[in-house]
Amino acid sequence: MQVKTRGIVINSLKYGDTSLIVRVFTEALGFRTYMVKGARQKKSAKVAMFQPLTLVEFVAYEQPHREMQRMGEVSIAQPYYSIGLDIRKNTIAFFLSEVLFKILKGEAESYPTLFQFLWAELTAFDQAKENFSYFHLYLLLACLPYLGLDIGSGENLVRQLSEVRADEPKIIAAFDQLLENGSNTAIQLSSSQRDQMMEILLKFYQWHYPSFGEVKSLDILRSIFH
């Protein structure tokens with residue numbers, strides 16, 4: 001079956017001398033793994049298309065019951081202008097790609113509303129010139145309703161994790177501010193308070209996704225924003 005779809009690249013791995021294994025969250029098919037032959041050849045421009053969170057459009061050749069499918073013609077559907085040039089945005093993108101892989105890797109069905117939300121938010125993130133240092137927190141928080149995990153308020157989120165002590169009103173208020181106003185909002189918190197917000201969110205995801213595990217890029221993210 002041949003399907004043309006938009007996709008958000010989650011990550012890619014080298015395969016053999018010239019190929020890539022690419023994981024993509026697609027609009028039409030959900031999470032998929034593709035073989036892209038020749039993507040790493042010297043004259044190929046495809047490698048740049050498979051950086052984390054790149055927005056692409058491509059033709060997929062789907063065969064039932066296969067874990068790895070084949071990707072045909074591919075192009076960048078919405079180019080980024082700042083994510084690759086700003087070390088802060090680039091670090092956020094790598095962090096989110098790792099977390100989204102942990103969340104989406106088991107989603108074999110399409111989730112068009114979640115896909116469209118992520119596509120729109122990543123485009124806005126690329127265009128943002130200020131107030132984007134909380135974008136990763138906002139995105140993970142705002143994804144919850146699309147995943148059937150709507151928490152309603154910052155206080156509900158904190159209270160569900162009894163082992164996490166985050167009674168400080170500033171942190172709960174910051175979660176509520178992100179829920180109400182989105183990522184393009186100025187929040188005044190210390191680095192340790194922002195770290196606590198991230199700890200709460202990741203523990204919530206770990207609670208609901210048993211195979212979630214450790215987020216390896218978290219230390220790099222913290223080093224950039226401290």
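Just so it is clear, none of the values below were taken in a lab; they were calculated from the coordinates. These numbers were taken from a predicted model, which means no experiment stands behind them. All Cβ positions, glycine included, derive from the backbone under ideal geometry; neighbour counts span all protein chains shown.
Out of Ile151, Ala60, Gly213, whose Cα points farthest toward the positive end of the dipole of the chain (charges: +1 Lys, Arg; -1 Asp, Glu; placed on Cβ)?
Ala60
Under the Karplus relation 6.51 cos²θ - 1.76 cosθ + 1.60, θ = phi - 60°, what is the ordered set of whole-Hz ³J(HN,Hα) values for region 17-24, x standing for Gly and Pro?
Calculated HN-Hα couplings, in order: 7, 9, 10, 10, 9, 10, 9, 9 Hz.
Residues with beta-carbon under 14 Å from that of Lys102, excluding Lys102: net charge, scoring Lys, Arg +1 and Asp, Glu -1?
Net charge around Lys102: +1.
Short version: ³J(HN,Hα) in whole Hz for each residue of region 84-92, in order, from phi by Karplus 6.51 cos²θ - 1.76 cosθ + 1.60 (θ = phi - 60°), x for Gly and Pro, what are they?
x, 9, 9, 4, 5, 5, 5, 5, 4
Calculate how large, on average over all directions, the projected area of the Cα convex hull of region 2-78 is; give the answer in nm² to one decimal.
Mean projected area of the Cα convex hull: 4.6 nm².
For Gln116 and Thr18, compute 0.36 nm times the residue count separating them, minus their Cα-Cα distance, and round to one decimal in nm.
32.1 nm
Mind running the shape call on region 87-225? Use the C-alpha gyration tensor, a ≥ b ≥ c as the square roots of the eigenvalues: rounded below 1.5 for a/c, prolate if a/b tops b/c, oblate otherwise.
Rounded, because the longest to shortest axis ratio a/c is under 1.5.
How about region 52-125: which chymotrypsin sites (Phe, Trp or Tyr not before Pro) there lie in a loop by DSSP and see at most 16 other Cβ atoms within 10 Å?
Sites meeting the loop and neighbour criteria: Tyr81.
Ordered by residue, what ³J(HN,Hα) values in Hz, to whole numbers, does region 72-81 give under the Karplus form 6.51 cos²θ - 1.76 cosθ + 1.60, where θ = phi - 60° and Gly and Pro are x?
Listing the rounded values in order: x, 4, 9, 8, 6, 7, 9, x, 8, 10 Hz.
To test your reading of the geometry: what angle, between 0 and 90 degrees and rounded to tens, separates the Cα axis of helix 191-208 from the longest principal axis of the chain?
Its long axis makes an angle of about 60 degrees.
Using Cα pairs closer than 8 Å and at least 6 residues apart in sequence, work out the relative contact order for region 67-226, in percent.
Relative contact order comes out at 30 percent.
Between Arg159 and His226, how many nm apart are label points set 7 Å from Cα along the C-beta direction?
3.3 nm
Taking trypsin sites (Lys or Arg not before Pro) as candidate sites, keep only those in a DSSP loop with at most 13 other Cβ atoms within 10 Å, then name the longest stretch of the chain containing none of them.
67-128
Mind jotting down the distance between the C-alpha centroids of region 206-225 and region 50-103, whole Å?
Rounded to whole Å, the Cα centres lie 19 Å apart.
Report the paramagnetic label zone for Tyr146: residues of region 20-40 whose backbone N is under 18 Å from a point 7 Å from Cα along the Cα-to-Cβ axis.
23-33
What GluC sites (Glu not before Pro) in region 64-100 are in a loop by DSSP, with at most 11 other Cβ atoms within 10 Å of the Cβ?
Answer in residue order: Glu67.
Residues with amide H under 5 Å of Ala60's amide H, sequence separation 5 or more or different chain, H placed in the peptide plane at 1.01 Å from N; which?
Placed amide hydrogens put Val3, Lys4, Thr5, Gly72 under 5 Å from Ala60.
So what's the net charge close to Asn184: Lys and Arg +1, Asp and Glu -1, counting the other residues with Cβ under 11 Å from its Cβ?
Once all neighbours under 11 Å are counted, the net charge is -1.
For Lys46, go through the aspartates and glutamates and keep the ones whose alpha-carbon is under 14 Å away, minus same-chain ones fewer than eight residues off.
Within the straight-line limit of under 14 Å, Lys46 reaches these aspartates and glutamates: Glu57, Glu73.
Grab the DSSP H runs of the chain that are 4 residues or longer, score each as -39,500 (n - 2.57), total them, divide by all residues and round the 222 nm result to the nearest 500 deg cm²/dmol.
Only helices count here, giving -12000 deg cm²/dmol.
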